[in-house]
Amino acid sequence: MFDARIRPLIDPPLNRMGRWLAHQGVSANHITVASGAVGVLAGAAIANQAFAIGLILVLASRLFDGLDGAVARATKPTDFGGYLDIVADFVFYVAVPVGFGLAAPQNAPFALLLVASFTLTGVSFLAYATIAAKRGVETEAHGKKSFFYSTGIAEGTETIAVFVLMCLAPHWFIPLAIAYAGLCALTVLQRTAAAAAMFRDITD
């Protein structure tokens, strides 16, 4: 919901850092892999109840996630880079809830609920992008991307904010997980309604 609004604020500094990293010969794909790897480490830290370390790693993973696109824009974006980016994102989105699920037995069902909700939002997101690409629909509301980014209630900014809250107050994990799973469900319904409107054939 807020991703498109914060892009004008975060893109200029990210782009400057991206140009510097590209000049140093750093590959965008290497940063993407690092973002996923650090996300897994965040989940491992959280699983061991090292929530402060988990918080730092969550933020580091998302910084890398922003920098890979900036480096790609400073060099040459590739389709494989776009593929790798979305895979690394969902590695992160799964690793953190799994970490909380392993941190305390009572968290496990709600971590599973959160992973399931991310799966559904991911499926709706990628299905929308696939049909949009087939129809030649484009947008740069989220910056220049390898494929169509459809707007939703629960996006990257909201997910990071919830993960940060969970790390700061791990005893709130269960209500936060339930609430955010609900927002994810609303996002799927919203995206489905948008798809019905945009992709409706003339003969329907």
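The values are calculated or read from the model by the stated rules, or taken from the named source; none is laboratory data. These numbers come from a predicted model, not from an experiment. Cβ placement follows ideal geometry from the backbone for every residue including glycine, while neighbour counts extend to all protein chains displayed. These accessible areas exclude ligands, DNA and RNA; they are computed on the full protein's heavy atoms, side chains included. Shrake-Rupley method; radii C 1.70, N 1.55, O 1.52, S 1.80 Å.
Here are the numbers for this structure:
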quantity	calculated
Residue match in the stretch 114-135 (condition: charged (D, E, K, R), at pLDDT below 85 and either in contact with a His (Cβ under 6 Å, 6 or more places away or on another chain) or over 27 Å from H30 (Cα atoms) (or both))	yes
In the stretch 87-97, residue nearest to the chain's Cα centre (by Cα) [restricted to those that are of a type in the set (V, I, T) and under 14 Å from L57 (Cβ atoms)]	V91
Residue among A103, A132 that is surrounded by fewer than 22 Cβ atoms within 10 Å (Cβ to Cβ) and among the aliphatic types (A, V, I, L, M)	A132
Pairs with Cβ under 6 Å, 6+ apart, first in the stretch 162-177 and charged (D, E, K, R), second not in a helix (DSSP H, G or I)	none
Qualifying residue in the stretch 80-90 (condition: in contact with a Cys (Cβ under 9 Å, 6 or more places away or on another chain), in a helix (DSSP H, G or I) and under 26 Å from P170 (Cα atoms))	no
Flag if F163 is surrounded by 16 or more Cβ atoms within 10 Å (Cβ to Cβ), at pLDDT 95 or above, within 15 Å of the chain's Cα centre (by Cα) and not β-branched (V, I, T)	yes
Residue list for the stretch 53-74, filter: over 27 Å from F100 (Cα atoms) and open to solvent by 70 Å² or more (accessible area, probe 1.4 Å)	R73
Filtered residue count, the stretch 56-77, keeping only those that are without any contact (Cβ under 8 Å) to a residue 40 or more places away in the chain, over 13 Å from the mean Cα position of the chain (by Cα) and over 15 Å from V164 (Cβ atoms)	1
